[in-house]
1. Can you tell me how much longer the chain between residue 195 and residue 342 gets when fully stretched, taken as 0.36 nm per residue apart minus their C-alpha distance, in nm with one decimal?
2. Given 0.36 nm per residue, what is the gain on full extension from residue 304 to residue 11 after removing their alpha carbon distance, in nm?
3. Per residue, what accessible area does the stretch 138-210 have, given a 1.4 Å probe and all protein chains present, in Å²?
4. By accessible area of protein heavy atoms, probe 1.4 Å, what ranking do 387, 45 get, highest first?
5. Could you check how much of the accessible area of the stretch 24-130 is carbon and sulfur, as a whole percent, using a 1.4 Å probe?
6. Cα centroid distance between the stretch 381-426 and the stretch 171-207, in Å?
7. From the square roots a ≥ b ≥ c of the eigenvalues of the alpha-carbon gyration tensor of the stretch 309-430, which class results: rounded (a/c under 1.5), prolate (a/b over b/c), or oblate?
Amino acid sequence: MSREVKFIKKIDWLSILLYFLLVGIGWINIYSASVTNASTGFLDMSELYGKQLVFIITSIILIILILSIEAKFYERFSSIIYIIGLLALMGVVVFGKNINGATSWYAIGSFTLQPSEFAKAATVLALAKFLSDIQTNINNFKHQLISFAIILAPPVLIMLQPDAGSAMVYMAFFFVLYREGLPAIYLGIGFMLVLLFIITLKLGYLITIIATLIIGLACIFIFFRKKLKRQRHTSLAITSLVTAIMFILAVNYIFYNVFQQHHRDRFTLVLGLEKDPVKLEQMRKTFGFNTNQSEIAIGSGGFFGKGWLKGTRTRGDFVPEQDTDYIFTTVGEEWGFIGSFVVIFLFVTLLLRILSRAEQQKNKFSRVYGYSVAAILFFHFAINIGMVIGLFPTVGIPLPFFSYGGSGLWGFTILLFIFIKLDANRINEW
């Protein structure tokens, strides 16, 4: 049996099938959301669905290329790929094209390329390489800082564009670190900081500081009363209390100087920070328009949907960005609950499949890579669906394999198929 035949048999064909099902269903919905009476055919390059079909065809070429490269290449050159990814993110801030207020694309004629979509795969490779190093110990504070630096460098550069949605995705990596042994206290700290941020915006820094002081001093008193390790616990509690208060005092600066106006508007709307009911209602109509329209469109689909190309709200362009961030609204309106369930089922099945294959890896590099892929896809999937049905504010995160865009499709394709290549090589010697 030839080497090529053996390799083909080792490929996870179920993941590939799920990939093409999601891409295919995504294109069908992009067609429905973008087709017009003036459209001339499936390959009409003046329409979004025509361009997306070309992106899908080129993705197949990309898949063949990824699977043709030796598996060791991805580990061996991971650091170089990561550096190239960072340089691309730096360069786009200077040489990029500004679209909708964000300088996130390189423009080559009418063709644009978004480097942040490819930086995810580069970061996954770099993190997997570092964590799989025999000298790396995730319980070592120095190695924890290096891991954090690998993860946080890309989103810092992405925020300069600014693109908060793409930057948020990197939070998914901390679940991977937790899986690899990172102490749970870091997740607890992250959760507490988010909670303090929201509470401070809602109640004001004075009330939040008073509440934090009461809770912190109560903890210090409890630790001081204990006989075992009381000095260590008391010092930790005091340090945590001081850090929390400093963070609370910095919330307003972050909110008004780091966040963009549209981010502040969405927080104001979701948290009800605007006290004037008239202005609040105006904000709901302006900034909550997308979510309101998407909820109406999905709700109108009922159980079985209105049928392909029969969505009145889809055809009437009621939902902005319906071929990108809000593509799931087309599924909900035209395919109903049944269609939405099928799409969610396919995504969940793919995620579980990736996690299952990741757990089977003999090589730590492949395992970390697999868990990172699952974490990123889950973050995109959960936030996008939650955003469309009104559980989360609009943050500009596309639905993997579904949303229109060449960079997004290629980026997710690279991310997934590198793992499929590593998985097919798992029984070989590294």
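1. Numbers: separation 147, 0.36 × 147 = 52.92 nm, distance 3.41 nm.
Taking residue 195 through residue 342 to full extension adds about 49.5 nm, to one decimal.
2. 101.9 nm
3. On the way: 3650 Å² over 73 residues.
For the stretch 138-210, the solvent-accessible area averages 50 Å² per residue.
4. Values: 387 0, 45 95 Å².
Largest accessible area first, the list is 45, 387.
5. The C+S portion of the solvent-accessible surface of the stretch 24-130 is 70 percent.
6. 24 Å
7. On the way: a/c = 2.65, a/b = 2.41, b/c = 1.10.
Prolate, because a/c is 1.5 or more and a/b exceeds b/c.
The values are calculated or read from the model by the stated rules, or taken from the named source; none is laboratory data. What you see is a predicted model, and the numbers here were worked out from it, not measured in a lab. Heavy atoms of the whole protein, side chains included, go into the accessibility calculation; ligands, DNA and RNA do not. Shrake-Rupley method; radii C 1.70, N 1.55, O 1.52, S 1.80 Å.
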